[in-house]
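The values are calculated or read from the model by the stated rules, or taken from the named source; none is laboratory data. The shown structure was predicted, so the numbers you read here are calculated from the model rather than taken from an experiment. As a convention, Cβ positions derive from the backbone with ideal geometry for all residues, glycine included, and neighbour counts pool all protein chains shown.
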Amino acid sequence: MLQSKLFLRTQNESPKDEVAINAQLLIRGNFIHKLMAGAYSYLPLGFRVREKVIKIIREEMNALGAAELLMPALHPRSIWDMTGRWEGLSKIMYQFKDHSGRELGLGPTHEEVVSLIAKSIIFSYNDLPLSVYQIQTKFRDEPRPKSGLLRGREFTMKDLYSFHTDQDSLNEFYEEAKKAYHKVFSRCGLKSYATEASGGDFSKEISHEFMVESGAGEDMTMICRLCGWAQNKSISEFKAGGRCLKCSSGVLEEMKSIEVGNIFKLGAKYSEPFSLNYKDKKGELRPVVMGCYGIGVERIIGTVVEVYHDEKGIIWPETIAPLSLHLLLIGEVKPPLKKFATQVYNWFMKEGVEVLFDDRENVSAGEKFVDADLIGLPRRLVVSEKTMVQESVELKERSKKEIKLIKLKELSKIFKK
């Protein structure tokens, strides 16, 4: 990918209307463009990050045995009235009338829709358990869209729904989903804690939020770092400094955190209003037992930037970096040097290495270095008159200070797929 041809222009100054680090760096690095509070366009580099996060999520949901589908974002009021949530969620749900006067809403979540679909598919205990998921744009009339990608009005959500004959089946799947969630966040470079929390509007049972430690977080979590047990402070009866009741050895402490996902045991809360039933082995009708499981794609991206950055810019984890290598052409671009740099670039392209080639002319070395640090690809490779003479390139990892001179013939040992 040639930087001179990319839809890219970095900014030296942080936008004055953004207070969150993730928004400042992502806008400055030209990953996103702010249309209005809580709504962002994803530019080429940001789009690549988003696609990599989605790929990881999709792989882990498929490994869990869930099937992917896609449901409408536009919903009729009638299905929301069946659960009483048209009024209950009116403060966060975009609600309006079409030209015929029909009341519609943009879905902030999809329990009603998926329950209606399941009613046409599930009839017998032989049909269960089942699980489906979607990765879809959601809309919420967020009153405080001030934390960049951490709190948006338009965002991408992976929502998974599971259907079971009984609580035991739900509990078993719930624990497997919990493991899958940890894998998703770990692959994105984040250490997550499955944190006990209130079920809120979804369930009377305890739910689990997946928290990542960060000073930018709006949640406070009680955490035992010895065994990993965690509980949202809003429901906790324990205090910092006390002993962990789970392992009895660790000491509880307060941790500022960002929520990147959540899982709920719904029971029959949504199946009963829709008469979503199945026939058991005796032929008797019973309500389907449900669970729901959400991950915010943008929240992952924003959280990664909050966790991985320095005073110069972003430091992307390898797994979700837009590209793995930033190749910089430094110095006066004479034909021999340009040919040498192009040969290096073409070698990476041939080997399938994702590379951003800063081939811009009449741009100083200093500007290129600043841009490279701001964009934050995992590795930076410099080609110059000096390295060309030595048939070498300069290699630096974004997260380290050391610079190495690498012979061209050694590149295959480091970068070959």
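A few remarks follow.
- Of all residues in segment 102-124 being buried (at least 18 other Cβ atoms within 10 Å of the Cβ) and not aliphatic (A, V, I, L, M), the one that is nearest to GLU87 (Cα to Cα): GLY105
- Failed condition for PRO145, given (1) within 18 Å of LYS34 (Cβ to Cβ); (2) not in a loop (DSSP other than H, G, I, E, B): (2)
- Unique residue being loosely packed, with under 13 Cβ neighbours inside 10 Å and touching a Ser or Thr at 6+ places or on another chain (Cβ under 8 Å) when the list is LYS413, LYS400, LYS407: LYS407
- Taking each residue of segment 300-322 that is within 19 Å of THR156 (Cβ to Cβ) and looking for partners that are modelled with pLDDT under 95 and not in a helix (DSSP H, G or I) with beta-carbon atoms closer than 7 Å, six or more apart or interchain, yields GLU306/ALA216.
- Residue list for segment 136-167, restricted to those being under 17 Å from TYR270 (Cβ atoms) and surrounded by fewer than 18 Cβ atoms within 10 Å (Cβ to Cβ): ASP166, GLN167
- Scanning segment 35-54 for residues that are among the small types (Gly, Ala, Ser) and surrounded by fewer than 19 Cβ atoms within 10 Å (Cβ to Cβ) turns up ALA37, ALA39, SER41.
- Sole residue being without any contact (Cβ under 8 Å) to a residue 40 or more places away in the chain, among the small types (Gly, Ala, Ser), surrounded by fewer than 20 Cβ atoms within 10 Å (Cβ to Cβ) and farther than 23 Å from ALA177 by Cα, chosen from SER234, SER275: SER234
- For SER100, the requirement of being part of a loop (DSSP other than H, G, I, E, B), assigned by TED's automatic domain parsing to the domain that holds HIS164 and modelled with pLDDT of 95 or more is met.
- Pairs, first assigned by TED's automatic domain parsing to the domain that holds LEU116 and part of a helix (DSSP H, G or I) in segment 160-178, second aromatic (Phe, Trp, Tyr) and surrounded by 21 or more Cβ atoms within 10 Å (Cβ to Cβ), C-beta under 8 Å, six or more apart: ALA177/TYR293
- A Cβ distance below 6 Å, combined with a sequence gap of six or more or placement on separate chains, defines the contacts here; from segment 54-66, residues that are in the same structural domain as ARG299 (by TED's automatic domain parsing) reach residues that are of a type in the set (Lys, Arg) in the pairs ILE56/ARG187; ILE57/LYS158; GLU60/LYS183.
- Those residues of segment 59-72 which are crowded, with 17+ Cβ neighbours inside 10 Å and out of contact with any helix residue (DSSP H, G or I) (no Cβ under 8 Å at 6 or more places or on another chain), in sequence order: ALA66
- Any helices (runs of 4 or more DSSP H) falling wholly within segment 297-396 and containing at least 2 residues that are surrounded by 20 or more Cβ atoms within 10 Å (Cβ to Cβ) and under 20 Å from the mean Cα position of the chain (by Cα): 297-307
- Among the residues making up segment 197-233, those that are touching a Lys or Arg at 6+ places or on another chain (Cβ under 6 Å) and either assigned to a strand (DSSP E or B) or at pLDDT below 90 (or both) are SER203, GLU205, MET220, MET222.
- Residue within segment 234-246 that is within 27 Å of the chain's Cα centre (by Cα) and in a strand (DSSP E or B) present: no
- Qualifying residues in segment 313-362 (those that are of a type in the set (Val, Ile, Thr) and in contact with a Ser or Thr (Cβ under 9 Å, 6 or more places away or on another chain)) - the one farthest from VAL184 (Cα to Cα): ILE330
- Apart from one condition, MET290 fits all of (1) in contact with a Phe, Trp or Tyr (Cβ under 8 Å, 6 or more places away or on another chain); (2) of a type outside the set (Asp, Glu); (3) within 22 Å of ARG28 (Cα to Cα); (4) surrounded by 23 or more Cβ atoms within 10 Å (Cβ to Cβ); the exception is (3).
- Some residue of segment 159-175 being farther than 25 Å from CYS224 by Cβ, in contact with a Cys (Cβ under 6 Å, 6 or more places away or on another chain) and not basic (Lys, Arg): yes
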